[in-house]
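Please find one structure pasted underneath; my questions will follow.
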Amino acid sequence: MMMHHLRVCYYVGWLSAAALHGASHQAPQVFQVGVDRQVRDRSVGRTRFSFAQRNVEAVPTISHPTREGTAQVSTIAATMLDIADDLHRAAGLDNAATVIVELSEDPTFDPADLIGLSTTFPAAATRRVGWILSRFTDRDDLAPLRDVAPGLAVSPSHLDPHSTVRGSMDDDWMLMINRDVEPDT
């Protein structure tokens, strides 16, 4: 209803989408929404909304029932990539890893969906998701994603873009492992 009133295209994303998909250790402090133009953050009742300008049309969504109708929520794969792309909105790398692992446990999740979205998101997001899944899950269906990840960009990506540049290189994912990750699993 609010988004219709504001006349913006949107999707519910990041930790808010993860929670709606049933995979969030911590309830997000704000309701995170991707929008097609700049919208100021605001509170409506007891709910705080945080808006981020995105290419909304490129993000696949599903309709999620609400009290007033439905809301557009990013798919599981799109939610993983949003979280891996914007670690600040995901409450840091460790929390991002926790949520990505939880989302991967959904029976409808298919790594092929990540491959389909890999050119829509920064290479680092796909590489982080792939590395996290290969490191912290028992999935045996990641080879096609691992084959795509190195070709997404010429330069290696950093596991943590805010940490030191130094670290070991994971050639499979073309990812500089520049800090330890400790998901809360």
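So for the chain: antiparallel DSSP bridges make up what percent, rounded to the nearest 5?
65 percent
How far is the Cα center of the stretch 157-175 from the Cα center of the stretch 28-67, in Å?
Between the Cα centres of the stretch 157-175 and the stretch 28-67 lies a distance of 30 Å.
Could I ask something else about it? Classify the stretch 44-91 as rounded, prolate or oblate from the Cα gyration tensor: take a ≥ b ≥ c as the square roots of its eigenvalues, call it rounded if a/c is under 1.5, otherwise prolate when a/b beats b/c and oblate if not.
Oblate.
Could you sort the peptides 15-22, 139-146, 105-112, 41-48 by per-residue average Cβ neighbour count (10 Å cutoff), highest mean leading? The partial results should precede the final answer.
Numbers: 15-22: 22.9, 139-146: 14.2, 105-112: 12.8, 41-48: 9.6.
Top of the packing list down: 15-22, 139-146, 105-112, 41-48.
So what is the calculated 222 nm ellipticity per residue for the chain, using -39500 (n - 2.57) for each DSSP H run with n of 4 or more, over all residues, to the nearest 500 deg cm²/dmol?
-9000 deg cm²/dmol
Taking the highest mean first, how do the peptides 154-163, 61-70 order by number of other beta carbon atoms within 10 angstrom per residue?
Result, highest mean first: 154-163, 61-70.
Further, regarding this structure: How far apart, in nm, are two points set 7 Å out from the Cα along the Cα-to-Cβ line at residue 40 and at residue 180?
4.5 nm
Project the alpha carbons of the chain onto their principal axes and report the range along each, largest first, in whole Å.
Reported extents, whole Å, longest axis first: 48, 33, 31.
A short reminder: the numbers here are calculations on the coordinates, not readings from a lab. Predicted model only: the values in this text are computed from it and were never measured. Virtual Cβ from ideal backbone geometry, glycine too; neighbours counted across all protein chains shown.
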